[in-house]
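Note sheet for the following structure.
The values are calculated or read from the model by the stated rules, or taken from the named source; none is laboratory data. Remember, it's a predicted structure, so these values are computed and weren't measured experimentally. For neighbour counting, all protein chains shown are included, and Cβ atoms are generated from backbone atoms with ideal geometry for every residue, glycine included.
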Amino acid sequence: MSTSFAHQISLSSVSPNHKKTNFMKREIIIVTKDFKQLKATEFHPATANGATLIINSAMAVKQFFYADYAAYMADEGFHVITYDYRGIGKSKNHPLTRFDASILDWATLDYEAVLQYVKESHPKNTITVLGHSIGGQLIGFSPRSLMVNQMMLVASQTPNWRNYKLKTMPKLLMLWYFLIPVLTRIFRFFPARALGLFENLPKSAALQWMRWARSRNYAFDECPEKRKVFESLQQPAWIISFTDDPYAPKKAVDDLLTYYKNLQVEHQHIDPEDIAMDSIGHFGFFKKRFKNTLWISSADWIRRNGKLKMAI
């Protein structure tokens, strides 16, 4: 019997729902070392290129949001895994009034379980982790990220409100100093969906996010020992940010990179006009309209750094 804490315990195959696809996808369950069940989706290419791509979602964003991008990358030969953090999407197994989770749980339990699953199921594959927004922060909290070959951070930043543009600050100050502390304590979770924001958040995740956003030192007033983990990572990293992104302005992106100070960074700060688009924003990278620009660039970057062949 395997001694790993990451086990696939159920599968359901799903037929490709697009014409001329070169992959199959299936839903799996990965069990963490504290025995929580994570719902994940695995995209298997017909012709594999020897590389796995793990997608870490943004705060309170369901894995389904990344399905089109994951399908494209599988078509290009990558083995891709998307998943929901505990308490989010399909991994919300209990009402949030009776279940709690922190951001550090997502990093050191959930993300680590997915990494371990990949190492066991595809031991010869290189591993790239794509972190969107807070998903890029999670990488630095886990010592197991040392097993990752390279990473892509898309609109990843620190949440400190001082790094944001003036027009965004009032909304952030309302979020960090009123909405999250007051509503989370009333409801025992943050009811973001009722406010038209995003998925509801577990209590500890919401309050932890709030504390990190108030601090000039990001998470490291609360967990100073984790700073060494960030600094231990030395892999190639493609950092991509956008001039029209109100939630990951360049100052906040650069602030995160001060903690990832030993990564081999390629940072592209893109104006939508550079790729003949009118907008990109915080979520645009994963929209189909960027298939022939940003998606191609991301696949090419992984191949180049991983010395991979293009799937035919």
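Each row is one residue, and each column tells you yes or no for (1) of a type in the set (Gly, Ala, Ser); (2) out of contact with any strand residue (DSSP E or B) (no Cβ under 8 Å at 6 or more places or on another chain); (3) closer than 16 Å to GLN137 by Cβ; (4) surrounded by fewer than 13 Cβ atoms within 10 Å (Cβ to Cβ).
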position	(1), (2), (3), (4)
TRP209	no, no, yes, no
SER215	yes, yes, yes, no
ARG227	no, yes, yes, no
PHE242	no, no, no, no
PRO246	no, yes, no, no
GLY284	yes, no, no, no
LYS287	no, yes, no, no
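Counting only helices (runs of 4 or more DSSP H) that fall entirely inside the stretch 53-147 and contain at least 1 residues that are touching a Ser or Thr at 6+ places or on another chain (Cβ under 6 Å), modelled with pLDDT under 95 and of a type in the set (A, V, I, L, M), no element qualifies. Note on the stretch 255-264: residues that are touching a residue at least 24 places away in the same chain (Cβ under 8 Å) and surrounded by 14 or more Cβ atoms within 10 Å (Cβ to Cβ) total 5.
Whenever a residue of the stretch 56-69 is closer than 17 Å to SER102 by Cβ, its partners that are among the hydroxyl-bearing types (Ser, Thr, Tyr) and part of a helix (DSSP H, G or I), lying with C-beta atoms within less than 7 angstrom and at least six residues away or across chains, give the pairs ASN56/TYR111; SER57/TYR66. Would you please name the residue that is farthest from the chain's Cα centre (by Cα), looking only at residues in the stretch 148-164 that are part of a loop (DSSP other than H, G, I, E, B) and not polar (S, T, N, Q)? Looking at residues that are part of a loop (DSSP other than H, G, I, E, B) and not polar (S, T, N, Q), I get TYR164.
Going by the structure shown, is TYR177 among the aromatic types (Phe, Trp, Tyr) and either without any contact (Cβ under 8 Å) to a residue 12 or more places away in the chain or crowded, with 20+ Cβ neighbours inside 10 Å (or both)? When the stated conditions are applied, TYR177 does not pass them.
Going residue by residue through the stretch 232-239, is there one that turns out to be free of Cβ contacts under 8 Å to residues at least 40 places away in the same chain, of a type in the set (A, V, I, L, M), surrounded by 15 or more Cβ atoms within 10 Å (Cβ to Cβ) and under 30 Å from ASN292 (Cβ atoms)? Checked against the condition, which is being free of Cβ contacts under 8 Å to residues at least 40 places away in the same chain, of a type in the set (A, V, I, L, M), surrounded by 15 or more Cβ atoms within 10 Å (Cβ to Cβ) and under 30 Å from ASN292 (Cβ atoms), the stretch 232-239 yields no hits at all.
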